[in-house]
Ligand code: NAD
């Protein structure tokens with residue numbers, strides 16, 4: 001089996017690359033390193049072909065040497081800090097990048113998996129969110145470059161299935177965490193862990209009563225592989241339905257890191273969703289998948305990784 005992983009040098013992508021290499025597959029990574037890092041692939045660097053290219057560049061994608069049986073498209077800035085810094089890049093990656101990688105999958109007769117996001121649901125008015133919920137997205141808000149690019153990417157993926165019969169799959173990933181998240185990532189868990197380990201104030205947005213469900217990266221990677229191997233087309237939600245408030249999460253991380261940092265409150269970002277929790281009934285039915293790592297085990301592994309990298 002030969003797989004192309006777009007975005008393979010990123011947080012989730014690098015864990016997926018390792019999983020496929022461990023399973024004995026041949027892996028090619030295409031990444032422009034806009035938010036990814038070569039160090040993420042250090043453990044498998046000699047077993048993987050790395051192509052340094054922007055997937056929004058049609059000629060560069062066309063030049064990637066096949067054949068491929070599977071294309072996983074995980075390329076996209078994913079943290080709000082990154083997509084606010086790279087708004088046009090995010091839109092181009094989610095639009096032209098998806099089209100170019102779909103063209104590649106079509107040319108090679110490969111299966112194609114798009115890593116979409118719970119952000120397609122926007123600030124949801126239905127809780128938890130099943131795949132049938134159509135979302136509540138502000139098309140011109142600061143998060144729209146990400147949300148709307150992903151919605152466009154889903155539409156493009158569905159169109160390639162309808163028009164060309166490409167064997168496509170769409171997963172909607174909910175908040176995922178684990179080792180290799182960047183310290184400057186900007187999302188809550190890396191922020192809290194970094195702040196706790198360095199004895200800084202732990203900054204909780206708003207009153208901290210807004211909730212998130214957090215999925216450990218190993219569980220998510222299992223879901224991506226199960227989806228690719230299944231006959232399901234999606235969209236299928238992948239995430240951990242256990243919900244936790246941001247304030248509880250901050251306190252828990254502080255305790256696990258044995259830190260004496262103070263917890264302080266800062267203004268909430270615009271359009272920050274109040275609640276976010278996946279309905280993963282479909283993933284259970286179609287893939288036999290559900291997350292199995294407790295938040296405590298995942299948080300401990302993440303804190304350990306951040307500690308080792310300091
Ligand atoms: P990440 O930023 O760590 O990884 C993204 C990777 O894509 C990076 O290596 C980056 O350099 C690469 N990339 C970005 N634009 C590119 C382009 N135009 N051409 C080539 N490479 C490009 O993010 P992540 O957290 O690993 O997320 C991976 C995927 O999963 C993303 O598509 C994201 O939208 C999706 N997702 C992640 C989460 C999460 O909680 N981590 C949640 C929902 C969806």
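What about residue 180, is it at pLDDT below 95 and within 14 Å of the ligand (Cβ to nearest atom)? The answer is no for residue 180. When residue 22 is tested against (1) within 29 Å of residue 141 (Cβ to Cβ); (2) free of Cβ contacts under 8 Å to residues at least 24 places away in the same chain, only condition (1) is not met. Just one of (1) near the ligand (Cβ under 10 Å from one of its atoms); (2) out of contact with any helix residue (DSSP H, G or I) (no Cβ under 7 Å at 6 or more places or on another chain); (3) closer than 17 Å to residue 16 by Cβ trips up residue 82, so point out which. Looking at each condition in turn, residue 82 falls short on (3).
Can residue 65 be described as more than 14 Å from the ligand (Cβ to nearest atom) and in contact with a strand residue (DSSP E or B) (Cβ under 7 Å, 6 or more places away or on another chain)?
Taking the combined requirement at face value, the residue does not satisfy it.
Taking strands (runs of 3 or more DSSP E) as the structural unit, those lying wholly within the stretch 174-243 and holding at least 1 residues that are more than 19 Å from the chain's Cα centre (by Cα) correspond to 202-205.
Filter the stretch 98-127 for residues that are within 13 Å of the ligand (Cβ to nearest atom) and part of a helix (DSSP H, G or I) and give the result.
Answer for the stretch 98-127, where residues must be within 13 Å of the ligand (Cβ to nearest atom) and part of a helix (DSSP H, G or I): 98, 99, 100, 101, 104, 118, 119, 120, 121.
Of the strands (runs of 3 or more DSSP E) that lie entirely inside the stretch 1-97, those containing 1 or more residues that are outside the structural domain of residue 184 (by TED's automatic domain parsing) and crowded, with 22+ Cβ neighbours inside 10 Å span 2-6, 26-31, 70-73. Scanning the stretch 30-60 for residues that are near the ligand (Cβ under 9 Å from one of its atoms) and in contact with a helix residue (DSSP H, G or I) (Cβ under 6 Å, 6 or more places away or on another chain) yields 35, 40, 53, 55, 56.
Could you please find all residues in the stretch 262-284 being surrounded by 19 or more Cβ atoms within 10 Å (Cβ to Cβ) and in contact (Cβ under 8 Å) with a residue 60 or more places away in the chain? Answer for the stretch 262-284, where residues must be surrounded by 19 or more Cβ atoms within 10 Å (Cβ to Cβ) and in contact (Cβ under 8 Å) with a residue 60 or more places away in the chain: 276, 277, 278, 282, 283.
Yes/no per residue for (1) in the same structural domain as residue 127 (by TED's automatic domain parsing); (2) within 16 Å of the ligand (Cβ to nearest atom); (3) modelled with pLDDT of 95 or more:
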{"residue": "172", "(1), (2), (3)": "yes, yes, yes"}
{"residue": "186", "(1), (2), (3)": "no, yes, no"}
{"residue": "202", "(1), (2), (3)": "no, no, yes"}
{"residue": "225", "(1), (2), (3)": "yes, yes, yes"}
{"residue": "228", "(1), (2), (3)": "yes, yes, yes"}
{"residue": "235", "(1), (2), (3)": "yes, yes, yes"}
{"residue": "255", "(1), (2), (3)": "no, no, yes"}
{"residue": "262", "(1), (2), (3)": "no, no, yes"}
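Being surrounded by 14 or more Cβ atoms within 10 Å (Cβ to Cβ) and not in a helix (DSSP H, G or I) is the filter here; which residues of the stretch 137-172 pass it? Correct list: 137, 138, 141, 142, 143, 166, 167, 168, 169, 170, 171, 172. Tell me yes or no: at least one residue of the stretch 132-146 is over 19 Å from residue 272 (Cβ atoms) and more than 14 Å from the chain's Cα centre (by Cα). Within the stretch 132-146, one or more residues are over 19 Å from residue 272 (Cβ atoms) and more than 14 Å from the chain's Cα centre (by Cα).
The values are calculated or read from the model by the stated rules, or taken from the named source; none is laboratory data. What you see is a predicted model; the values in this text were computed from it and never measured. Cβ sites come from the backbone with ideal geometry, for glycine too, and all protein chains shown count toward neighbours.
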